[in-house]
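Undergrad: My questions all concern the structure below.
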Ligand SMILES: [Zn+2]
């Protein structure tokens with residue numbers, strides 16, 4: 001640690017007429033400052049050793065110095081164990097809508113994180129993209145089928161619906177946006193029936 005040349009350890013002498021509480025807090029403060037200024041635990045130990053020597057020179061009782069250091073050290077250990085989880089951010093999954101709402105979400109998490117002393121890191125997911133990809137990969141054949149027994153299996157719960165259509169299945173799926181299925185998604189899950197297709201499978205083809 002860098003120490004000014006003028007710093008010759010001229011602190012309060014133990015036998016000066018100052019309240020004992022003040023001397024105790026002086027020792028604590030010095031340990032605390034040393035801790036903050038030491039870049040490594042080794043350096044801190046060495047600085048503490050020097051600090052102890054300096055207080056001894058000022059006629060502070062060994063017992064007093066050591067007991068304050070012990071308490072200080074214990075409280076540091078406690079702080080350390082509190083700091084650890086703060087270092088690893090808590091990941092919060094948020095749906096990505098647009099850049100503006102993403103920025104605002106990030107800001108809100110940051111503010112909230114400061115309040116609870118945690119680093120909250122948003123992870124933006126785009127459900128839409130993954131769903132679109134799935135549809136282009138596997139669904140075209142399904143929805144172009146005619147005369148099928150089909151099953152709707154809700155993505156969000158165990159509910160299902162089995163029906164029959166003689167027309168192209170995709171027409172029937174369109175209609176289901178406004179049927180009990182659309183109503184179920186809205187009432188039970190507060191979802192709009194935007195990607196109904198992927199929740200349908202054909203059970204039987206009749207012709
Ligand atoms: Zn459901």
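Bear in mind these aren't lab numbers, they're just calculated from the coordinates by the rules spelled out. Quick caveat, the model's predicted, so the values are computed rather than measured. Quick reminder, even Gly has a Cβ in these numbers, built from the backbone with ideal geometry, and neighbours come from all protein chains shown.
Undergrad: Sorting 152, 44 on the 10 Å Cβ count, fewest up front, what's the list?
TA: With the fewest neighbours first, 152, 44 line up as 44, 152.
Undergrad: With labels modelled as points extended 7 Å from the Cα through the Cβ direction, what inter-label distance (nm, one decimal) is found for residue 49 paired with residue 177?
TA: 7.7
Undergrad: What is the calculated FRET efficiency for residue 103 to residue 16, with r their C-beta to C-beta distance and R₀ = 45 Å, to the nearest 0.05?
TA: 0.20
Undergrad: Per 0.36 nm of contour for each residue apart, how much would the distance between residue 110 and residue 64 grow if the chain were fully extended, relative to their Cα-Cα spacing?
TA: Going from the current span to full extension adds 12.3 nm.
Undergrad: What is the Cα convex hull volume of region 21-60 when expressed per residue in Å³?
TA: Value for region 21-60: 49 Å³ per residue.
Undergrad: Say R0 is 22 Å: what FRET efficiency, to the nearest 0.05, do residue 157 and residue 92 get from their beta-carbon distance?
TA: 0.35
Undergrad: Next question, about the same structure. Would you mind computing, in nm to one decimal, how far apart the modelled labels at residue 168 and residue 144 are, each placed 7 Å from Cα along Cα→Cβ?
TA: 0.9
Undergrad: For a footprinting-style exposure proxy, rank 157, 147 by other Cβ within 10 Å, fewest first.
TA: 157, 147
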